[in-house]
């Protein structure tokens, strides 16, 4: 006998009790609800069906029932009767097997039974119990962060990784020593919540002429609360991904590395009106999605077929509950919100001035120490970089990416913009009351060229994606330096390596929060593919042989990262003012010069050489070393950085006002390793009365101890 649940109808989902499982489901317009139980992940038919009575198992719009004798590991689907009325936006299908929107794990494949009914993976009843061994969030300041964007499977799937558990959460654990050696403070994981593993005709029948493509990136979610089963060492064991994901987080925290998740609350795998009914469509379609005016189709602000109705109170509650769940049940440290501008749209798709979900996330006391990062645009023309929110949201700074690329490509009139990006993009964030650390600075990300390909290709090469090279961004601001793709010409390769170092040095010497793309530190290549979403292949995987082949570049990157994390001058929490501030009152916090030592003339747009002096930051309030929190570095230093974008050499003259300082050469990207960087600053001070030769298109940095 199944007992009515009259005492507690929230939260939603399946909850393990001492003698059974409590199920709770939201549906406002369903006329009947059933729970289908299965005895194995690949079963095509349920072993038992449990009906919920509208009279005794429904409280308002919540259906709830307690089923005794069920345990952790129980497999189930939902099934709902209701109107199929496109004029009202309803798409109920009493035959559809539905994934619980609050399912905490899925198990099994996508299948069709003998009647042609789609059988998606089963929901798994899981327990949240786990031995965290005292693990807590690391709580690094955003200003102290260095983020490494990576793909769980791609990190170790290549045979070159020699991982015991390739392509899994445990594979990430195996590579923690390498991640730690880079000095990064956080990994930003591409989507790990359960997603549709392929993008076949099943999703868009209008695209049936296209061959099925693997969904490698994972931007096609089906269950926001569930870790992806495909990244478990034994996917056939229901719920094992929950335990292994927690183990991964625990071990990363032990190594001093935070975990940020790339979350996709802008669309789902159900696609448009031609797509399958997997979950939300079959429970409350007009609430979960933004529909066309005729309510028959879907608004497509995501470019993926549908748009989640994020500012509806019901959906807002789902997203909000989900974030809290990942933070407090999985110890996740932050989130990067894919196409976050969709969260700024109302129920009709209009952009809002003060979106409720955006404000709720920022103001929630239980998320107050959680890092929140917006990709502040969407696929329908919204571009909110610098204006996504005036609260604590950080943003992927797409303007920084483009301006740095254009400057080092050699575009004209970019020097002033370079200075703005180096200083933390005050043009974007200061007026809204935000700080430099609200700018997530990057040159490359998963979406686009790798850094090696950015300096090796003039145009994209996405033929392997099967879309006639029509997909992917056309405007890449890239340059091949004489040969399209790989080359045996040592001169061209030397230029490319120098440009890679220029980008990395510029990024890591900038105010704001730097983000590196997985493998850029060892010249990972995708063969010119700038949209490798469907390439679950060596095209996308981390080739660990390149770590050996490019060990000198890895050393360069690691030294830069570790210098940055120990140098408060590069991690200021307020914008530069041009006024004295710090231990040495002789110098303003920032000064700008020409190559000849004269003050920079901002009206002269012809030059591509910029000299920046950052005076040592005040030791007061300097945070601990974010990777080695027991160590304080109170010896803040002056930095003098020369960005020489010209194709010809020049002679740099030290500005007269700083010649008395003992400057030591720290970085020269034009020099071969190990002379390209001196992390111990062991060289003797340079003669500041003499000019310094600066090679074409290079970065040179001098460092001096503050008095």
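The values are calculated or read from the model by the stated rules, or taken from the named source; none is laboratory data. These figures come from a predicted structure and were not determined experimentally. Every residue, glycine as well, gets a Cβ built from its backbone with ideal geometry; the counts of neighbours run over all protein chains shown.
Summary of values
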| quantity | calculated |
| --- | --- |
| Index of the failed condition, residue 435 passing every other in (1) surrounded by fewer than 22 Cβ atoms within 10 Å (Cβ to Cβ); (2) modelled with pLDDT under 95; (3) under 22 Å from the mean Cα position of the chain (by Cα) | (2) |
| Verdict on residue 270 being crowded, with 22+ Cβ neighbours inside 10 Å and over 21 Å from the mean Cα position of the chain (by Cα) | yes |
| Residue check, residue 683 part of a loop (DSSP other than H, G, I, E, B), within 22 Å of residue 498 (Cα to Cα), out of contact with any helix residue (DSSP H, G or I) (no Cβ under 6 Å at 6 or more places or on another chain) and modelled with pLDDT of 95 or more | no |
| Residue match in the range 129-146 (condition: part of a strand (DSSP E or B) and within 24 Å of residue 328 (Cβ to Cβ)) | no |
| Every residue from the range 444-462 that is touching a strand residue (DSSP E or B) at 6+ places or on another chain (Cβ under 8 Å) and not in a loop (DSSP other than H, G, I, E, B) | 451 |
| Filter result for the condition that a residue is in a loop (DSSP other than H, G, I, E, B), under 35 Å from the mean Cα position of the chain (by Cα) and surrounded by fewer than 14 Cβ atoms within 10 Å (Cβ to Cβ), over 11, 101 | 11 |
| Looking only at the range 104-122, and only at residues there that are in a strand (DSSP E or B) and farther than 18 Å from residue 25 by Cβ, the one that is nearest to the chain's Cα centre (by Cα) | 107 |
| Counted residues, the range 341-356 - those being buried (at least 23 other Cβ atoms within 10 Å of the Cβ) and either touching a helix residue (DSSP H, G or I) at 6+ places or on another chain (Cβ under 8 Å) or modelled with pLDDT under 95 (or both) | 2 |
| Some residue of the range 295-317 being touching a strand residue (DSSP E or B) at 6+ places or on another chain (Cβ under 6 Å) and closer than 24 Å to residue 126 by Cα | no |
| Selected residue (criterion: surrounded by the most Cβ atoms within 10 Å (Cβ to Cβ)) from residues of the range 536-561 that are assigned to a helix (DSSP H, G or I) and in contact with a strand residue (DSSP E or B) (Cβ under 6 Å, 6 or more places away or on another chain) | 556 |
| Single residue of the range 156-176 satisfying the filter (in a helix (DSSP H, G or I) and in contact (Cβ under 8 Å) with a residue 40 or more places away in the chain) that is nearest to residue 257 (Cα to Cα) | 176 |
| Answer residue from the range 216-245, given it is part of a helix (DSSP H, G or I) and within 19 Å of the chain's Cα centre (by Cα) and is nearest to residue 142 (Cα to Cα) among those | 245 |
| Total residues in the range 587-609, condition under 18 Å from residue 707 (Cβ atoms) and either part of a strand (DSSP E or B) or free of Cβ contacts under 8 Å to residues at least 24 places away in the same chain (or both) | 2 |
| Some residue of the range 247-258 being crowded, with 20+ Cβ neighbours inside 10 Å, in a strand (DSSP E or B), within 19 Å of the chain's Cα centre (by Cα) and modelled with pLDDT of 95 or more | yes |
| Residue ID - surrounded by the fewest Cβ atoms within 10 Å (Cβ to Cβ), chosen from residues in the range 463-503 that are within 26 Å of the chain's Cα centre (by Cα), in contact (Cβ under 8 Å) with a residue 60 or more places away in the chain and assigned to a helix (DSSP H, G or I) | 464 |
| Some residue of the range 543-562 being in contact (Cβ under 8 Å) with a residue 40 or more places away in the chain and under 20 Å from residue 423 (Cβ atoms) | yes |
| Of all residues making up the range 365-424, the number that are surrounded by 20 or more Cβ atoms within 10 Å (Cβ to Cβ), more than 30 Å from residue 348 (Cβ to Cβ) and without any contact (Cβ under 8 Å) to a residue 40 or more places away in the chain | 1 |
| Members of the range 228-245 that are touching a residue at least 40 places away in the same chain (Cβ under 8 Å) and in contact with a helix residue (DSSP H, G or I) (Cβ under 6 Å, 6 or more places away or on another chain) | 229, 231, 232, 233, 235, 241, 244, 245 |
| Pick from the range 14-30, criterion assigned to a loop (DSSP other than H, G, I, E, B) and farther than 27 Å from residue 84 by Cα, ranking: modelled with the lowest pLDDT | 18 |
| Every residue from the range 296-319 that is farther than 24 Å from residue 274 by Cα and buried (at least 18 other Cβ atoms within 10 Å of the Cβ) | 311, 316, 318, 319 |
| Qualifying positions in the range 150-165 - surrounded by fewer than 24 Cβ atoms within 10 Å (Cβ to Cβ) and under 30 Å from residue 424 (Cα atoms) | 150 |
| Single unsatisfied condition, residue 662 versus (1) part of a loop (DSSP other than H, G, I, E, B); (2) more than 19 Å from residue 613 (Cβ to Cβ); (3) touching a residue at least 40 places away in the same chain (Cβ under 8 Å) | (2) |
| Any hit, the range 304-318, residues being part of a helix (DSSP H, G or I) and either in contact (Cβ under 8 Å) with a residue 60 or more places away in the chain or within 17 Å of residue 105 (Cα to Cα) (or both) | yes |
| Qualifying positions in the range 686-707 - more than 26 Å from residue 494 (Cβ to Cβ) and assigned to a loop (DSSP other than H, G, I, E, B) | 687, 688, 689, 690, 706, 707 |
| Whichever residue in the range 31-57 is in a loop (DSSP other than H, G, I, E, B) and within 17 Å of residue 96 (Cβ to Cβ) and, among such residues, is farthest from the chain's Cα centre (by Cα) | 31 |
| Meets criteria (closer than 30 Å to residue 35 by Cα, free of Cβ contacts under 8 Å to residues at least 60 places away in the same chain and outside any strand (DSSP E or B)) for residue 266 | no |
